[in-house]
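The next block holds one structure in the form of structure tokens; read it before the comments.
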């Protein structure tokens, strides 16, 4: 039997009033579901004020495929907490989204301007400070990552977060170097009360908790991260994934 050709789907991006607007055109089905989901997550990871997805040009043969938007919202809901909004110019599309329960989590509007207006009426999120470092795919990354972590948190007057953040940064970088061939991309950010550590790599394999195979009963580095952070997770994107953790005052060592 000849393999079925993938359904066509294109996603184009633009910006409006600080939001990223994604125009999705083509067929949304099982062959394009992940493409659209990961495009939304990748746009959110750049941390615009919102990701607005225009679904006017989508054909959705199976109503269950609309769940792509709640899936994307789940992935970015805890971090980076960027709102996702939908736009559809025709009534039938908006009704299909509502009938499938998507609007309980992701609002839909008739026009992009209305989505932008609704966004402007919401309370402004707290301002965040961010810093990035692209690191080499070598063990020297560990020393450099710890050094820039110390520098950034000192500059932000958050020195009390340094010990626990160093442990998490080291674990994430070690995992990238051990399990992938990627050059790690480190990001730290803060809203003044919490610190978020995020490390990108080019592997699509999700990070997960496990025991060390050579030492049964010994927790993995990610188990330690889970114990030392408020919440942690994976965010897939088109080039790989981002593994992140949020550290709160209750996690200070």
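Throughout, read-outs are computed from the coordinates displayed, never taken from laboratory work. This structure is a prediction, so every number in the text was calculated from the model and none was measured. For neighbour counting, all protein chains shown are included, and Cβ atoms are generated from backbone atoms with ideal geometry for every residue, glycine included.
Brief remarks follow.
- Between residue 132 and residue 253, full extension at 0.36 nm per residue minus the direct alpha carbon distance yields a gain of 41.2 nm.
- Global form of region 1-135, assessed from the alpha-carbon gyration tensor, a/c cut-off 1.5: oblate
- Each label was represented as a point 7 Å from its Cα along the Cα-to-Cβ direction; for residue 144 and residue 13 these points are 2.4 nm apart.
- For q = 0.11, 0.13, 0.17 Å⁻¹, Debye-computed log10 I/I(0) when each Cα of the chain counts as one equal scatterer: -0.67, -0.88, -1.23
- Alpha carbon centroid spacing (whole Å) that separates region 233-253 from region 148-167: 16 Å
- Distance between the modelled labels on residue 151 and residue 104, one decimal in nanometres: 4.8 nm (7 Å Cα→Cβ projection).
- Length available on full extension from residue 239 to residue 111: 0.36 nm per residue minus the Cα-Cα distance, which gives 43.0 nm.
- Three-way shape call for region 17-61 based on the alpha-carbon gyration tensor, with the a/c threshold at 1.5: oblate
- MRE, 222 nm, helices only [DSSP H, n ≥ 4, -39500 (n - 2.57), over the chain, to nearest 500]: -10000 deg cm²/dmol
- Computed from label points 7 Å out along Cα-Cβ, the spacing between residue 159 and residue 59 is 6.4 nm.
- Calculated FRET efficiency, residue 123 to residue 174, Cβ-Cβ distance, R0 = 51 Å: about 0.85 to the nearest 0.05.
- Computed on region 9-120, with alpha-carbon pairs under 8 angstrom and 6+ residues apart, the relative contact order is 25 percent.
- Relative contact order of the chain: 14 percent, from C-alpha pairs under 8 Å at least 6 residues apart in sequence.
- Prolate/oblate/rounded call for region 137-214, Cα gyration tensor, a/c under 1.5 rounded: prolate
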